[in-house]
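**Q** Encoded as structure tokens, here's the structure I'll be asking about.
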Amino acid sequence: MTLDVKTGVNTLPLVFLPIPTTREYLDAWMPHWLPFLPDIAKRTKETVRYLHDRIMRGEVQIALAWDGERAHALGGFQYQKRGDDLIAEVLWMTGRDMRQWVHLLPQMEKYLKEHMGCVEVRPICRPGWWRLLKTQGYRVTHYMLEKQL
């Protein structure tokens, strides 16, 4: 562990760490990604069990903002075909103190392009995210609205 002498805070750099969708990797990394699911469940109104099952079935690939010892954020991706093209949909980006890990977006984009073969990334995000993503080269293409019935 690398600690800042004055603050006692871990100073290891954060990296974008995709977790392979095999049972072996998902089980091994579960202590790091599972704690994020209750917060995601609150926002999505899905159960923790449902989110967990989607990850374990490989329907959603996950990635961590990782400092070498602990996870600071969790991202969840699903992939869609558009003709011959593969599109990555970012379903979740959640964690504490977003300012510490938002700089990982270029690493995420590089992974999606070079390792997954995606030609486009579509974050499905809450309203507050659009300003930040706009500064990173994203543009608004659709508005998604909802109404309780």
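Bear in mind these aren't lab numbers, they're just calculated from the coordinates by the rules spelled out. Worth saying up front: this structure is predicted, and the values here are computed from it rather than measured. A quick note on method: Cβ atoms are made from the backbone with ideal geometry, for glycine too, and the neighbour counts reach across all protein chains shown.
**Q** Would you mind ranking Ile55, Ile62 by Cβ crowding within 10 Å, fewest neighbours first?
**A** In order of increasing Cβ crowding within 10 Å: Ile55, Ile62.
**Q** Once you wrap a convex hull around the alpha carbon atoms of the range 81-125, what is its projected area averaged over all directions, in nm²?
**A** Across all orientations, the range 81-125 yields a mean hull projection of 3.3 nm².
**Q** At R0 = 25 Å, how high is the FRET efficiency between Glu69 and Val140 if r is their beta carbon distance? Nearest 0.05 is fine. Display every interim value, and only then the final one.
**A** On the way: r = 37 Å, r/R0 = 1.47.
Computed FRET efficiency for Glu69 and Val140: 0.10.
**Q** From the Cα gyration tensor of the chain, with a ≥ b ≥ c the square roots of its eigenvalues, which class applies: rounded if a/c is under 1.5, or else prolate if a/b is larger than b/c, or else oblate? Please list the in-between numbers first.
**A** Working: a/c = 1.40, a/b = 1.29, b/c = 1.09.
Since a/c stays below 1.5, the shape of the chain is classed as rounded.
**Q** Can you bin the range 43-95 into rounded, prolate or oblate? Criterion: square roots of the alpha carbon gyration tensor eigenvalues sorted a ≥ b ≥ c, rounded for a/c under 1.5, prolate for a/b above b/c, oblate for the rest.
**A** Oblate.
**Q** Which residue, chosen from His52, Met93, Met108, occupies the Cα position most advanced towards the positive end of the dipole of the chain, where the dipole is computed from +1 (Lys, Arg) and -1 (Asp, Glu) charges on Cβ about the Cα centre?
**A** So the residue we want is Met93.
**Q** For every other residue with a beta carbon closer than 13 angstrom to the beta carbon of Glu46, add +1 if it is Lys or Arg and -1 if Asp or Glu, then tell me the sum.
**A** +2
**Q** In nm, give the distance between the simple-model label positions of Gln107 and Arg82, each being 7 Å from the Cα along the Cα-to-Cβ direction.
**A** Distance between the two pseudo-spin positions: 2.7 nm.
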